[in-house]
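Before any comments, here is the structure.
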């Protein structure tokens, strides 16, 4: 392997420490529904994540990390494809006609439920390059991850969550060793078996546990500990806290194996969540709202990168990054050329940190409906109505398609998105809208404009 110096300078790569023929092992940890502040390294004083926190301290933490979508399937499609949602067409889970028809002003864009077969995924590129590959946990993009570049599949399918974390798991095809065996533990058991079996071959482990997605089934031995613990900053769900601590324990097992086997020294680990925490379960204050919303609580994620002796320890970066960036980042680390006919919308994080990219624009597009709103959403009926968003520098603009509502926030001064500055900064609104429109045109993002004849309210769309 020949390291490209430009991309690694910013993270403190030690060039002589990388053998010419030693490709790194790669572990991509993608937690389900874990919020930005649901871990200790992002400030939680209610949830206990000592193993994750210790691992994060061995690398670089990113405080402005984002998912490219606010709920499970589209975020995962962006991660594995390296592309914005309009390119793969997965915008939500199931139908785009969510909620009651009488409450929807527009006919939403049709949703795609399976990643298109001609979209070359990260796992396929790594397998073609000689990596031994394993998917562990939630897949959600097709029926069988083994048809998408994985040599081994541990419990992955089109299913978005287990029916139960205790046996029988039902829609997760794994057999438990006993009647009380927790699903998160079993998935890690099998992931560890994969790492042990990899020998000296470079491996790619996509560790994507169903935890901490609903159903909220407590780890029984931990429950009393959190039932008696004082709440913090809106976090007080004891059952959910046990799921987080148990997940932390499993990741600790993985780290222990890597260190004991000597594999840790040449393993790149990326950690992120697929979207924000579920608002009714956990709060991300000062961030607004949660999963499904395109406010910060729905898309900003806990994230770090670790690569011993090659990425600086104990560093925190405020450079905005996205899970779209993981695909090119991993290719650069593994010294794999970008496939000739594969369009990637992200940038290598190594390269982002070696240049001034804090003003890079990030985009989101959601031309559908997602019901189950709450007091911190745009309205109480929907977590998000059809619209797009852009973040550039400290500024974030959200445009809703039903009536062209515009929201403008300065995230440096107002991370909680409480003060809509649309009327105070008309030139900024105009500039960001121009960029948003140009981006939509470039990626051929569909914008719904057909009125819904079932809508029962006063139609404000124009």
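Among the criteria (1) more than 15 Å from the chain's Cα centre (by Cα); (2) at pLDDT 95 or above; (3) buried (at least 22 other Cβ atoms within 10 Å of the Cβ), the one residue 233 does not fulfil is (3). From the list 248, 201, the one residue that fits, being closer than 30 Å to residue 158 by Cβ and more than 24 Å from the chain's Cα centre (by Cα), is 201.
Here 89, 94, 40, 99 are screened, and the one residue that is surrounded by fewer than 23 Cβ atoms within 10 Å (Cβ to Cβ) and within 30 Å of residue 222 (Cβ to Cβ) is 40.
One line per residue, one yes/no per condition, for (1) part of a helix (DSSP H, G or I); (2) within 30 Å of residue 393 (Cα to Cα); (3) without any contact (Cβ under 8 Å) to a residue 12 or more places away in the chain:
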position: 78; (1), (2), (3): yes, yes, no
position: 93; (1), (2), (3): no, no, no
position: 102; (1), (2), (3): yes, no, no
position: 113; (1), (2), (3): no, no, no
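When each of 160, 130, 149 is tested for being touching a helix residue (DSSP H, G or I) at 6+ places or on another chain (Cβ under 9 Å), part of a loop (DSSP other than H, G, I, E, B) and in contact (Cβ under 8 Å) with a residue 60 or more places away in the chain, the lone residue that passes is 160. Just one of the numbered conditions (1) in contact with a strand residue (DSSP E or B) (Cβ under 6 Å, 6 or more places away or on another chain); (2) more than 24 Å from residue 411 (Cβ to Cβ) is not true of residue 250: (1).
The values are calculated or read from the model by the stated rules, or taken from the named source; none is laboratory data. Keep in mind it's a predicted model, so treat the numbers as computed, not measured. Because the Cβ atoms are built from the backbone with ideal geometry, glycine has one as well, and the counts that use them run over all protein chains shown.
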